[in-house]
Amino acid sequence: MDWVFENRAHIASLTLAHLGLSLPAILLAFVLSLPVAIAANRVRPLREVIVSGTGLLYAVPSLPLFIVLPVLLGTGVRDRANVIVALVLFGMALMVRSAADAFDSVPAEARLSATAQGYSRWGRFWAVDLPLAAGPLLAGLRVVSVSTISLVTVSAVLGVQSLGSLFTDGFQRGIVPSIVSGVVITALLALVLDLLLSALGRFAMPWLRTGERSPR
Amino acid sequence: MKPPPENRRTARRLRARMRLVPGLAAVGALALISSACGADSDPFESGGGETGTVVIGSQQYYSNTLIAEVYAQVLEDAGLTVQRDFEIGQREVYAAELENGNIDVFPEYAGSLLQYFDPESQARTAEEIRDGLEQALPEGLAALRESEATDQNAMVVTAEFAQEHGLTSIGDLADLDDLVVGSTPEFETRPYGPEGLREVYGVEVQLQTIDDSGGPLTVKALEDGDIDVAANIFTASPAIAAEDLVVLEDPESLVPPENVVPIVSEALDADARAALEEVSAALTQEELLELNTRSVDEQAAPEVIAGEWVEEQGLVG
Amino acid sequence: MSYPAEALDLLLDPAVWGGADGLGARTLEHLGYSLLAVGLSAAIALPLGFAVGHFGRGRNVVVASSGVVRALPTLGLLTLVALFTGLGLLAPMVALVVLAVPSVLAGAYAGIESVDPRTVDAARAQGMSRWQVLTTVQIPLGLPLIVGGIRLATLQVVGTAILAAYVGAGGLGAPLFLGLRTYDYPLLLAASAVVILLALVLDLAFEIAQRLLRRLPGLR
C-alpha cells in the first residue's frame, strides 16, 4: 500500500489517460453500431453477413491492430487516435450484434401500429424502436464498456500511457503492487462505469426497474 | 402469464422514452469531459510545436526514464519549460519523432544508436562510435558529451554456471552444446544476436524470448536453469550484484559500448546543452548503477529518485 | 512493394513455415495453447454453469462475479502471475482461462435456462431424477447456447494467446512480438493474418457444429 500511496499522483494521471482513451471509444462504438445494426436488419439477406462480419473483428488480435492502423490511417504510432479507432472497432464487433438483435426484438405489431398512427420512419425510430430496444441495447453497451476498459491496457505495450503502463513497468522492475494496483483500478473503473450505466438505465427506462428481465 | 396488451406497454415506454434523452446527454457529456481531461494529461498531441517548451522523451525502460527525468529537472532548473513524453517504445518508434522535431531531447545509448543510423558501421571503441555518430546523425540532431556510464546488453550467467564450466569470456561458451540464451525478441535481428555470436565467437545459441528488459523474470529464468545465458540484462543492472551474476568479457567488442549520451535538437540553446553535459559528467558507472538500484529496490517514482540525485550532485539550485 | 504484398510473399514462402520456430510450428503451438485454455475453462465453467442454470440459485452471485472477472485485464494478470511462476505456460494459461471462463459460464447457464420450464416439468412428472433431467433434457436442448459460449470464448482466447509470448512462451505471439519490436510490418502483418485465419477456421468449425446440432432430432 505504501507504494500505491507514494505513487498516487502517477496512478491518478494514468487513470485519467485510461479514461481519456476508453470513454470516447465506448461512446463511439455504441453510436456507430446503431446505424450498422439498423441497416443490417433492413437488408435481410445481408444481415448475417454484416453481423457476423463485424463480429469477426473480434478475432483480430488487438496488439497488431494497434500497430497496423497507423499505416492505414496515416497517423503516428503513438497517436491516441489509433488506439481509440482500434477500440471502437473492437467495441463494434460486440455491439453490432447486440444492437441488431435488440432492434429485432421490437415487436412487429408495435412498429406497425406506430406506422398506422402516422409516424415517419425517423419518428418511429425515436418513438418506438429505440425505447423498445433500449433494454438489450443497454445490456450490449455494458458488455462493450467492460471489455473496452480492460482492453485499453494492452496499448501500454506500445508505449501509449494507460493503467496498462503499471503492468509493463511493474513487470520490468518487479513491483508487485504496481501490477496489482493496475489490475484493481482497471477492474474498479469497469465496475463503476457498469454501475453508472445500469443506474442510467433504471433512471431512463423505469419499466426495467422491476428486474433485469429484458424482452426476448 | 400473458404479457400486457402490446399497446399499453408501448404507451408506457413512449412516455418513458422522454427520460432517455437526458440520460444519453449525460453519457455524452461524461465522455467529452473525460476526453478533454485525457487531452490535458496527454503529452503526445501537442508535442514539440510550442516555442519555449522542450520535449524530453524516454524509452520504455525504467533506467532510461530515470535519466530522462534527471534531464528534465536540470532543464527546468535552467528555466526551461519541459514536457515529458516518457515510456515510448523502441528506437524504431521514437527515432522518427526525434528526426521530425517532435522530441527535442532523448537520453540515448551510443553504440546501438550508431548502429541504427549506420547499420554498416564498424566502429567498436567509444571514440570510434563518437566519431561515427557525428557523421551518421541526421540533420537537426546533435550528440552532446557522453557520460562515462554505459548500459549495454551483456552476456550474463550465474556465478555457479560460470564456475562449473570455467567461463570468463563469451568465447568460452563455444565449448558448450545446447546453449539457451534469454533475451528480447529483437535480439534475433541485432548485430550482436545469434548470428554475431556465431561469427565472432563461434558460439551456437538458441533464443528464448523474455520481454522484461532483464527484469525479475529473466533473473528467475537464469536461476531456474530455463536459460543458460541472459543477453538482456544490462551492465548497469542492479541484478548483477544482487543476484551474484557474472558478466562475460567481450574482448572482440561484439556488443558496442553503450555510453549514455544526450541526443538533442540543434535548436536547443547553449545553457541547456551545458546543463545536460554537466549531467553527463556526473553520471559515472557507479552513479548509474546506484540510480537503477534505488529504482528497483525502493520502487520510488522516477521524479523522487531523480530529484534527490540532482540535489546530491549539486546539479540544481 | 507494399506491406501487405510483402506479407503475402512471406506467407507463400515455404521456408518461413518450416523449422522449430517457423510459422507452422508456431501455429500449432498457438492452437495447442488456445485449445488447452478453452478446455480448462470449460472444465471449470460448464459444471458451474449447469448447476446455476439447473437449480436457478446463485445466478446473481455468478453474474456479478463473472462481471468482475471480465473486467480483469489479461495483460495485468499475465505479468502478475509471471512474476511468481517465471517462464513457461502457467502464467499465460491462468490469464487465458480467466479470460475464457465468463463466456463459457454465461453460455452454460443461459443454455440450461433457455429450456422451456414446461418441458422440464414434464420430464420431472415422468419420474426423471434431477440428474436425468439435466443430462437428458436440459443439456441437449440447451446445447446451441452452450456451444455458443464456448465459441465466443475460443474467439477471445485465440486472439489473446499472442500475449503468451510476452512472458517467453511461444505461439504466434513470438513472430508477432519480433515484428512489433523491430517494426517489421510484413512479418507483423503475416503473423497477424495467421492468427486471424486460425480464429476464422475455428469459428467456422463451431458454426458447422452448431448447425449440425440444430439438425439433430429433437432439437430446434
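No value in this document is a laboratory result; all are computed from the given coordinates. Predicted, not measured: the structure shown is a model, and the values here were computed from it. Virtual Cβ from ideal backbone geometry, glycine too; neighbours counted across all protein chains shown.
For B:Tyr109, the residues 5 or more places off, or on other chains, whose built amide H falls under 5 Å of its own are B:Val261. Cβ-to-Cβ counts within 10 Å put C:Asp203, A:Asp104, A:Asp169 in ascending order as A:Asp104, C:Asp203, A:Asp169, the fewest first. Protection proxy ranking of C:53-63, A:154-164, C:35-45, C:118-128, by the mean of other Cβ atoms within 10 Å over each peptide's residues and highest first, is A:154-164, C:35-45, C:53-63, C:118-128.
Inter-chain neighbour count for B:174-186: the average number of beta-carbon atoms from partner chains within 10 Å of each residue's beta-carbon is 2.
Listed by Cβ neighbour count within 10 Å, with the fewest neighbours leading, B:Ser237, B:Ser265, A:Ser147 appear as B:Ser265, A:Ser147, B:Ser237.
With kT/(6 pi eta Rh) evaluated at 37 °C and eta = 0.692 mPa s, and Rh the Kirkwood radius from Cα pairs, chain C diffuses with a coefficient of 172 µm²/s according to Stokes-Einstein. Peptide B:211-224 is shielded by partner chain Cβ atoms: per residue, an average of 6 of them sit within 10 Å of its Cβ. Karplus-based coupling profile of the stretch C:188-195, in residue order and whole Hz: 4, 5, 4, 5, 4, 4, 5, 4, with θ = phi - 60° in 6.51 cos²θ - 1.76 cosθ + 1.60 and x standing for Gly or Pro. Sorted ascending by nearby beta carbons within 10 Å, beginning with the fewest, B:His165, A:His10 become B:His165, A:His10. Placing +1 on the Cβ of every Lys and Arg and -1 on the Cβ of every Asp and Glu, with nothing else charged, gives the stretch B:198-317 a dipole about its Cα centre of roughly 180 debye.
In this structure the amide hydrogen of B:Gly182, modeled in the peptide plane, comes within under 5 Å of the amide hydrogens of B:Gln208, B:Asp228, B:Val229, B:Ala230, B:Ala231, none closer than 5 places in sequence on its chain.
Each listed q (0.10, 0.13, 0.16 Å⁻¹) maps to a log10 I(q)/I(0) for the stretch A:2-205, found by the Debye formula over equal Cα scatterers with no solvent: -0.50, -0.77, -1.03. Computed on the stretch C:24-214, with alpha-carbon pairs under 8 angstrom and 6+ residues apart, the relative contact order is 28 percent. About its Cα centre, chain C has a charge dipole of approximately 1080 debye under the convention of +1 per Lys or Arg Cβ and -1 per Asp or Glu Cβ, with nothing else charged. Relative contact order, whole percent, for the stretch B:54-140 stands at 31, derived from Cα pairs under 8 Å and 6 or more residues apart.
Per residue of peptide B:79-88, the mean number of Cβ atoms on other chains within 10 Å of the residue Cβ is 2. Each of B:Ala143, B:Ala174, B:Gly225 was scored by the projection of its Cα onto the charge dipole of the protein assembly as shown, and the greatest displacement toward the positive side belongs to B:Gly225; charges sit on the C-beta of Lys, Arg, Asp and Glu. Scanning residues 5 or more positions from B:Ala149 or on other chains, those with amide H under 5 Å from its amide H are B:Val260, B:Gln285, with H placed 1.01 Å from N in the peptide plane.
For chain C, modelled as a GNM whose springs connect Cα atoms under 10 angstrom apart, the maximal fluctuation among C:Arg130, C:Arg70, C:Arg151 occurs at C:Arg130.
With respect to chain A, whose longest principal axis is taken over its alpha-carbon atoms, helix A:130-151 is tilted by about 20°.
Under the simplified labelling scheme, the B:Thr284-A:Ile38 pair shows an inter-label distance of 7.3 nm, with each label point 7 Å from Cα along Cα→Cβ. Once you keep just the Cα pairs under 8 angstrom separated by 6 or more residues, what percentage relative contact order results for the stretch A:2-205? Relative contact order of the stretch A:2-205: 26 percent. By definition, a body whose alpha carbon gyration tensor gives a ≥ b ≥ c is oblate when a/c is 1.5 or more and a/b is not larger than b/c, and the stretch B:154-227 fits this oblate description. Sequence-ordered 3J(HN,Hα) estimates for the stretch C:41-56 from the Karplus curve with 6.51, -1.76 and 1.60 and θ = phi - 60° stand at 5, 5, 4, 7, 7, 5, x, 5, x, 4, 4, 4, x, 6, 7, x Hz, glycine and proline given as x.
The orientation-averaged projection of the convex hull spanning the C-alpha atoms of the protein assembly as shown amounts to 36.2 square nanometres.
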